[in-house]
Number of protein chains: 2
Amino acid sequence: MFEPVTIKDIAKALGLSTSTVSRALRDTYEISPATKKLVTDYAKQIGYKPNPIALSLKERRSKSIGVVVSEVANSYFSQAIDGIESIAYDKGYHVIISQTHESYEREVINVNHLASRSVDGLLVSLSSQTSDISHLKSLHDKGLPIVFFDRVADEIVTHKVIADNEKGAYDATSYLINSGYKKIAHLTSSSYLSISIERLSGYKKALAYHGIPFREDYVKYCPHGGMLYEETETAIKELMALEDKPDAIFVAGDRLSTGCLSVFKNLHIAVPNDMAIAGFSNSDVLDLFNPSLTSVRQPAYEIGRLATEMLLKIIEAKYPIEEFEKKILDTNLYIR
Amino acid sequence: MFEPVTIKDIAKALGLSTSTVSRALRDTYEISPATKKLVTDYAKQIGYKPNPIALSLKERRSKSIGVVVSEVANSYFSQAIDGIESIAYDKGYHVIISQTHESYEREVINVNHLASRSVDGLLVSLSSQTSDISHLKSLHDKGLPIVFFDRVADEIVTHKVIADNEKGAYDATSYLINSGYKKIAHLTSSSYLSISIERLSGYKKALAYHGIPFREDYVKYCPHGGMLYEETETAIKELMALEDKPDAIFVAGDRLSTGCLSVFKNLHIAVPNDMAIAGFSNSDVLDLFNPSLTSVRQPAYEIGRLATEMLLKIIEAKYPIEEFEKKILDTNLYIR
DNA sequence: TAAATCTATGCAATCGTTCCCGACAACGTT
DNA sequence: AACGTTGTCGGGAACGATTGCATAGATTTA
């Protein structure tokens, strides 16, 4: 089958020892220029490529990082992944992507899978159904570098990169208020997710700033984050069944925003006439939507880049890192 | 840092040799039941996990497969990836995804990257800018198992899985014709891509069947497959500038379809009144589009599953495979 | 009773690479 | 002349796991 050429082949062919060949290829000072040239020329000629598996075994690292996201089909995550790859490939790291599809079980499986596969570190955005993070905590305690982005876990002390969710939510809600809506509901994913908490907070602040009282029954949770159409539909039907039903909704997620639009379309509720919507979304075909969607856009690509830079900094650190930071990037409101 | 427990640790702790421990864990017949129990119990207790890197070195395989697609943000590919993962994880294989972003250079880099990282096989959908496939041919000749899906290369003799592109194109074009349009243009990606050729053929057959003459100037190519807005815009402007300009377009790609809609929106051309569109797309938010898009949907998930099954069959074959097949799956036309 | 067989285990090679030592020239220094 | 330096290179252990072969003792067979 596939017989790759090794350092041993070169040594034999040139009548040298493997140590000498290895050193020549790594350009060590103790090898004479003549031998070096001999070896490198021959290596190039027969197409020698160092075996990364052997390297990994020796160096006790795999030069690969694992990424845990809910799903790559989500625009936010696919953009973040582009950012992650741009840094990782630059530094010679492989990126192994795994999807949780918002399921806690799959998250546990994937995380352990990646860890056992000896990734050098993990970039994690929690699934919407994850409240217990002991699977990550135990790995982190054992020394596996982890950096969170987007959906973070405060219980684990490490670097985190997020968008300014509170400000984004504040902007979106304020936009609805300034457009004349007073009865603004809030549709979000699971309550324990960091992004949910932050966005709820921004929503509340906007209401408070404009003197609108907060109503608990105006907030609906979808633990599956828009993955289940029925869940989203139920939440919206409940809102519409309220005595004093809302005239606008601030939606706190990408998948949830599109899901929400689908539900209104199916229920024949006119947007924005009967119901105005503003939501978080990084989709780049939003312009084509009808009804259109005013959206908060996160710098996903940049978040991916930053998170990866921070992770590689931990991985390649000679001494254990003591100081960790949480980077918060600005969001943009696109009015449509 | 992170000190994983090895077979050696177990051996030392139990006063056995590493061979005995290894055999006990692998449940070999020559080990006494007592020793076996002793070892497995202790292994579980201290949380022993075999080191996959060492295994890879020994067994000369990595239990991972590489996937090469243009981009994960594309609905078709993200669905195909879900299918790929469903099979791969089941069989204990890791999936390493890499994106070409339709660039030939990145494809070459990624393919070599994956190969040097010793993946056991490759699932490839060619980038739209790839016409020379020697980078894949040489690896395939050396014995690396490759299965193509979606965008295939006929020069390489191996398994292939595709949708029935010709039939899908025929259906979409026929739909436009049956809707009363007579002057139907065709917007597609690069001319050498297998899907382009197949879809062009279906388009031609539909025209011929309905007695409409084929016009060369009604076919426009976008080698970047919709990645460059300007390219798509130019193509459409050229069509609109024709003396006898078309009244409908059959678009041959996912990204191209949405790109096309954007262009029309920006050019203030009403769809479908001024221009009707039918195209290939696997997006699941198409219902929200305005103008809406009649689309050909491919069984992407199933294509991913099939391609993976075939790849694993090659990888795990004891004897070289002689017979290869090209599986063609049916498409569905969704009229909107 | 001696030889043959069986049982349970250890030794050592292997995968590809790196790197600590040690060897041994050819110098230069007292 | 004896010793230290420097420049080049090879031997071999190590990384973690598997496995063919050897071997100890126990058991069965002739």
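Every read-out reported here was derived from the displayed coordinates using simple, explicitly stated rules and does not represent laboratory data. Please read all numbers here as calculations on a predicted model, not as lab measurements. So basically every Cβ, Gly included, is an ideal-geometry build from the backbone, and we count neighbours across all protein chains shown.
Using C-alpha pairs under 8 Å with a sequence gap of at least 6, the mean separation divided by the residue count of chain A gives a relative contact order of 19 percent. Of all chain B C-beta atoms, the nearest to the rotation axis linking B with A is recorded, alongside its rounded Å distance, as B:Asn290, 1. Both radii come from the Cα set of chain B: Rg as radius of gyration, Rh as Kirkwood radius; their ratio Rg/Rh reads 1.14.
Rounded to the nearest 10 degrees, the inclination of helix B:194-209 to the longest alpha-carbon principal axis of chain B is 40 degrees. Once the Cα atoms are used to define both axes, helix B:104-116 deviates from the longest principal axis of chain B by about 10 degrees.
Footprinting exposure proxy ranking of B:Cys260, B:Cys222, fewest other C-beta atoms within 10 angstrom first, gives B:Cys260, B:Cys222. Taken as Cα centroids, region B:200-236 and region B:18-90 sit 48 Å apart, rounded to the nearest whole angstrom. Of all DSSP-defined beta bridges confined to the protein assembly as shown, some 10% are antiparallel rather than parallel. Net charge near A:Leu333: determine it from the other residues with C-beta under 14 Å of the C-beta of A:Leu333, scoring Lys and Arg +1 and Asp and Glu -1. Around A:Leu333, the charge tally is 0. Comparing A:His94, A:His186, A:His210 in a Gaussian network model of chain A (Cα springs below 10 Å), the most mobile by mean-square fluctuation is A:His210.
Counts of other chain beta carbons within 10 angstrom of each beta carbon in peptide B:181-194 average 0.
Helical runs assigned H by DSSP (4 residues or longer) give the protein assembly as shown a calculated mean residue ellipticity at 222 nm of -13500 deg cm²/dmol, each run adding -39500 (n - 2.57) before division by the residue total.
Each Lys and Arg Cβ is given +1 and each Asp and Glu Cβ -1; about its Cα centre, chain B then shows a dipole of about 1240 debye.
Take each residue in B:52-60, count the other chain C-beta atoms within 10 Å of its C-beta, and the mean is 5. For chain A, modelled as a GNM whose springs connect Cα atoms under 10 angstrom apart, the maximal fluctuation among A:Ala43, A:Ala172, A:Ala88 occurs at A:Ala43. Taking the Cα centre of region A:196-318 as the origin and placing charges on Cβ (Lys, Arg +1; Asp, Glu -1), which of A:Ala252, A:Leu306, A:Leu242 is farthest toward the positive end of the dipole? Of the listed residues, the answer is A:Leu306.
Beta bridges from DSSP with both residues in chain B: antiparallel share about 10 percent, rounded to the nearest 5. Look at the stretch B:285-296: the mean tally of other chain Cβ atoms within 10 Å of its residues' Cβ atoms is 4. Put in line by how crowded their Cβ is, counting other Cβ atoms within 10 Å and starting with the fewest, B:Val67, B:Val271, A:Val157 read A:Val157, B:Val271, B:Val67. Restriction of the trypsin sites (Lys or Arg not before Pro) in region B:23-79 to DSSP coil positions whose beta-carbon has at most 11 other beta-carbons within 10 angstrom yields B:Arg26. Charges were assigned to the Cβ only: +1 to each Lys and Arg, -1 to each Asp and Glu. The resulting dipole of the protein assembly as shown about its Cα centre is roughly 2020 debye.
Under the simplified labelling scheme, the A:Leu14-B:Lys265 pair shows an inter-label distance of 6.0 nm, with each label point 7 Å from Cα along Cα→Cβ.
When the charge dipole of the protein assembly as shown is built from unit charges on Cβ atoms (+1 for Lys and Arg, -1 for Asp and Glu) and taken about the Cα centre, the candidate among B:Ile133, A:Gly143, B:Ile156 whose Cα reaches farthest toward its positive end is A:Gly143. In sequence order, region A:290-297 has phi-based couplings of 9, x, 6, 10, 6, 9, 8, 10 Hz under the Karplus curve 6.51 cos²θ - 1.76 cosθ + 1.60, θ = phi - 60°, and Gly or Pro positions carry x.
For region B:173-303, averaging the sequence separation of C-alpha pairs within contact (under 8 Å, six or more residues apart) and dividing by the residue count gives a relative contact order of 25 percent.
If you place +1 on the Cβ of every Lys and Arg, -1 on the Cβ of every Asp and Glu, and leave all else neutral, what size is the dipole of region B:138-177 about its Cα centre, to the nearest 20 Debye? Present the calculation step by step, with values, prior to reporting the outcome.
Details: 4 positive and 7 negative charges, 26 e Å.
Charge dipole of region B:138-177: 120 debye, to the nearest 20.
Working from Cα positions, state the angle (0 to 90°, nearest 10) between the long axis of helix A:300-315 and the longest principal axis of chain A. Rounded to the nearest ten degrees, it is 40. From least to most packed, judged by other beta carbons within 10 angstrom and beginning with the fewest, A:Ser283, B:Ser22 follow the order B:Ser22, A:Ser283. Go ahead and set up a Gaussian network model of chain A, Cα springs under 10 Å, then flag whichever of A:Arg117, A:Arg305, A:Arg151 fluctuates most. Residue with maximal mean-square fluctuation among A:Arg117, A:Arg305, A:Arg151: A:Arg117.
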